[in-house]
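Chemist: Dropping the structure in here first, questions after.
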Amino acid sequence: MAESQNMKDLAHARTKVSFDIKDMTNFLHGGEANVEQRRYIIDLIAKDPVFNKDDWGWLNHTDAVKRGIAMSTRLAEIKMEHDLNDLDFATMMEAIDDTLPIVLHNGAFIPVITSQGTEEQIEKWIPPAEKFQIIGCYAQTELGHGSNLSQLETTATFVKETDEWEINSTSFTAAKWWIGGLGALCTHAVVQARIFIEGKDYGAHVFVVPLRSLDDHRPFPGIEIGDIGPKAYNGFNKMDNGFARFNKYRIPRDNMLMRFSKVSREGVYTKPPHSKLAYGSMVLLRSVLIKQMALYLSRAVTVSTRYLTVRRQFNNPTSRNDSDLNPGLETQVINYPMVQNRLFPMIAQSYALFAAGSVMMEMYIGLMTGLSSGNIAALAEVHAMSSALKSYCTTFAVAGVEESRKLMGGHGFSYFTGIAHLFASTVPSNTYEGDNYVLTQQMARYLLKEVKTARTEPEKVTPYSKYLLLGLNRSAFSRTTCSVAQPDDWLNPAVQLAAFEHRCARLAYELSDAVEQGGLDTANPKTWSDHNIECYRISHAHAQYVMVLWLIQAVRDAHNPETDVERRAEPASVKVLERISNLHALHTIQTNLADFVEDGYFSPAQCQSLRAQVKAIVASLADDAVGLVDAFDHPDFLLNSALGASDGDAYKRLWDKAQSEPLNRRQVCDGYEEYIRPLLKKHGEFKL
Ligand SMILES: Cc1cc2nc3c(=O)[nH]c(=O)nc-3n(C[C@H](O)[C@H](O)[C@H](O)COP(=O)(O)OP(=O)(O)OC[C@H]3O[C@@H](n4cnc5c(N)ncnc54)[C@H](O)[C@@H]3O)c2cc1C
């Protein structure tokens, strides 16, 4: 068949790319071996009919959960058949592109037992879990409480006589709720419950709780389980988010995970050496989410960039030299500066997410290595960092997925873009693993402690909080201004970082002052909650600072001959990466400009030159946009998008997809005889 104009447009755009796409892909995914392995895994999934996506748009929740279970069990088989590791499992989940009932088995059940169980407990539970002889979920949230862990109403009371725990849902609102995998699939759960020993409350702890018989899958007596029903935007529809009520249900004492806190046969409680030691598994889940956001946002911008390259509207000339792109044709909408200024910053954000995902994972691994030898020095910072990053990254990534839909105009609203499904899958990430607003209090609390350290022992401030030292001399700090004199000065990473550091330092000291003064104001005392808006601001400001820093460092490393070869890139790629890094930093400043202006750090003239610089960088990326998204290396199976497929044949694919709509199997629709005909004939025959 002849090549359509759409296909020609996308192919032509690829001829303009200034760098080697393969080289950029290797840089993004940490080397050629990783790229090959990811492709191999995605291909495994793509070939298997159980993962076919053709009818997904028409599945209701009940059918979808059944499909989700079929997919889950096949996934488990593939993992065992090919002896795949956790990273490969995560890639399989990426390829499957939906949240399955089994996802928390590897994502939470196993990591929680591994990080919080004793050697004996790990020996008991992990081998059967790895062989899927038991399948687990993670049960913390209840009908009445989620964020406030300390007020969970599920209790575990120690029964000394029988050496057991009695798990009980003490009220109607104590029912576990939202638990992924619980509604239909799982045989076990790690359950958060408050422990009571001889009437004394020792707070929430974690238990391995058998839920369903391993013979016939019936819930054990004393447990009532079910599915909580369909969810917003039809998202998570293959996931059996479930509820459970426990009625004085007994489990052995050593089902409590006792690596840190312990309860002896005599009922003697030993508290953990550090109150936050159990946070390791939370840090893991939040760190993984950063990497996931990189994959999700980059998918959305791949689809929109390709479609906007082949979409044409109006004959408006644009300043991009496009005579060869649009010979006698309407303008490609990607040439409009308005479109570019909405789209390209999100491409840059995707690159920043890739960098942040890698650093966050390295921080997690470093933390766990330290913890295994009893070193808890990094715990507070890594916990705060993963909380701040999770909140910030999931917020802008989800907003970016929706913006990608809007960028595509009317067709963007079709299910066949692949973006509707992506949005429904990503949007709850703003809520689970910690509500994005509540979570920012963690970073704020951490920084307040660092402010105290900066004042008393400045040499002990951790590297990422070093900016606090800038504010120690308050009068000098308040006179500091940005050094930009020429527009090109904005392209200096040191200038960019100085701006972010100044803003973070100011916000942190302002919060610290407000908390201190609020406490002293006896007539009108302020509570911690009164400061939560400022907590959100400083937490997101800190997250933006480290994201900018990490992308700058990744680009620097890319052309440093001493860097591992997997993290290096060719000069042509580095040139574009520098633009991407500049766009990411400067666009982030531009969208938060008030924070940089309100203490006079930027002058009005600097604000204007910043905006001009952002526009100039955006325009300079026009020829590379398609290459930058191709480099994410998302295959068509993964994108599942008529508009964003790699060949660009958007209209043909959209047409073909619409033909698969079941309504179109009949010339006359169901309901004609019942509804339409009676209305048409109600007042007699009308002759055409
Ligand atoms: C798709 C999905 C899957 C999930 N899977 C699981 C699972 O597998 N296992 C599990 O245990 N849980 C799961 N959850 C539950 C999830 O972890 C919680 O819903 C989440 O942590 C938010 O807690 P919450 O529901 O108590 O929100 P709430 O805390 O009730 O939040 C309600 C509102 O109050 C605000 N708010 C609350 N406290 C404060 C405060 N101190 N200051 C200011 N504002 C505040 C919040 O910002 C929010 O706007 C899942 C949830 C979803 C949506």
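All of the numbers you see were taken from the coordinates with simple rules; none came from a lab. Note that the structure is predicted; figures quoted are calculated from it, not measured. Don't worry about glycine lacking a Cβ; one is built from the backbone with ideal geometry, like all the others, and counts go over all protein chains shown.
Chemist: Under 15 Å Cα to Cα from Lys231, which aspartates and glutamates show up? Leave out anything in the same chain fewer than 8 places away.
Modeler: Reachable aspartates and glutamates: Asp63, Asp98, Asp240.
Chemist: So if each residue of separation counts as 0.36 nm, and I subtract the Cα-Cα distance between Asp656 and Thr270, what length gain in nm does that give?
Modeler: 132.5 nm
Chemist: From the phi of every residue in region 200-209, what ³J(HN,Hα) in whole Hz does the Karplus formula 6.51 cos²θ - 1.76 cosθ + 1.60 yield, where θ is phi - 60° and glycine or proline is x?
Modeler: The phi angles translate into 8, 8, 9, x, 6, 9, 10, 10, 8, 10 Hz.
Chemist: Now, a different point. Local charge sum around Ile122 (other residues, Cβ-Cβ under 13 Å, Lys/Arg +1, Asp/Glu -1)?
Modeler: -3
Chemist: List the chymotrypsin sites (Phe, Trp or Tyr not before Pro) within region 301-372 that fall in a DSSP loop (any state other than H, G, I, E or B) and whose Cβ has at most 13 other Cβ atoms within 10 Å.
Modeler: Taking region 301-372 and a limit of 13 other Cβ atoms within 10 Å, the loop chymotrypsin sites (Phe, Trp or Tyr not before Pro) found are Phe314.
Chemist: Here is a further query. Provide the net charge surrounding Glu566, with neighbours chosen by a C-beta distance below 11 Å and charges set as Lys +1, Arg +1, Asp -1, Glu -1.
Modeler: So the surrounding residues net to -1.
Chemist: Going by average Cβ neighbours within 10 Å, how do the peptides 222-229, 66-73 rank, with the highest at the top?
Modeler: Answer by packing, highest mean first, reads 66-73, 222-229.
Chemist: For the chain, what is the relative contact order in percent, using Cα pairs closer than 8 Å and at least 6 residues apart in sequence?
Modeler: 17 percent
Chemist: What three numbers, in Å, describe the spread of the alpha carbons of region 77-191 along their principal axes, ordered from the longest?
Modeler: 45, 31, 22
Chemist: At what distance in angstrom do the alpha carbon centres of region 569-632 and region 17-92 lie from each other?
Modeler: Spelled out, the Cα-based centre of one part sits 33 Å from the other.
Chemist: Another question, if that's okay. Once the Cβ-Cβ distance between Gln151 and His82 is put in as r, and R0 is 45 Å, what FRET efficiency do you end up with, to the nearest 0.05?
Modeler: 0.55
Chemist: Report the rotationally averaged projected area of region 488-620 based on its alpha-carbon convex hull, in square nanometres.
Modeler: 10.0 nm²
Chemist: What net charge is computed for the residues neighbouring Pro101, neighbours being all others with C-beta under 11 Å from the C-beta of Pro101, Lys and Arg scored +1, Asp and Glu -1?
Modeler: 0
Chemist: Hey, with R₀ at 30 Å, roughly what FRET efficiency would Asp489 and Ser319 work out to, going by the Cβ-Cβ distance, to 0.05?
Modeler: 0.80
Chemist: Now for a separate question. Output needed: percent of Cα pairs per 10 Å distance bin for the chain, bins running from 0 to the one holding the longest distance.
Modeler: Pair shares across the bins are 3, 13, 22, 24, 19, 12, 5, 1, 0, 0.
Chemist: Something else about it: In straight Cα distance, which lysines are under 28 Å from Lys16, not counting same-chain residues fewer than 8 positions off?
Modeler: Lys8, Lys406, Lys575, Lys615, Lys652
Chemist: I want to check the label-to-label distance for Ile365 and Lys131. Put each point 7 Å from Cα in the C-beta direction and report it in nm to one decimal.
Modeler: Each label point lies 7 Å from its Cα, and together they span 3.0 nm.
Chemist: Still on this structure, please answer the following. For His205, enumerate residues with amide H under 5 Å from its amide H, sequence gap 5+ or separate chain, H modeled in the peptide plane.
Modeler: Ala193, Arg194, Ile195
Chemist: For region 647-668 and region 259-279, what is the separation of their Cα centres, given in Å?
Modeler: After rounding, the separation between the Cα centres reads 60 Å.
Chemist: Okay, moving on. Using 7 Å Cα-to-Cβ label points, what is the Met338/Asp647 separation (nm, one decimal)?
Modeler: Reported label-point gap for Met338 and Asp647 is 3.3 nm.
Chemist: Amide H neighbours of Trp165 under 5 Å, counting only residues 5+ apart in sequence or on other chains, H built in-plane at 1.01 Å?
Modeler: Here Val159, Ile251, Arg253 satisfy the definition.
Chemist: Oh, and also: Report ³J(HN,Hα) in whole Hz for each residue of region 335-343, in order, from the Karplus equation J = 6.51 cos²θ - 1.76 cosθ + 1.60 where θ = phi - 60°; Gly and Pro get x.
Modeler: Listing the rounded values in order: 7, 6, x, 4, 5, 4, 6, 8, 8 Hz.
Chemist: At a Förster distance of 41 Å, what's the computed FRET efficiency of His411 paired with Ala572, Cβ-Cβ distance as r, to 0.05?
Modeler: Once the sixth-power term is evaluated, E becomes 0.75.
Chemist: Using only the Cα atoms of region 139-232, what are the Rg and Dmax in Å?
Modeler: Rg, Dmax (Cα atoms, Å): 13.6, 47.
Chemist: Tell me which lysines have Cα within less than 29 Å of Lys460's Cα, excluding those fewer than 8 residues away on the same chain?
Modeler: Lys271, Lys276, Lys390, Lys449, Lys452
Chemist: Which cross-chain or sequence-distant (5 or more) residues have an amide H under 5 Å from the amide H of Tyr601, H modelled 1.01 Å from N in plane?
Modeler: none
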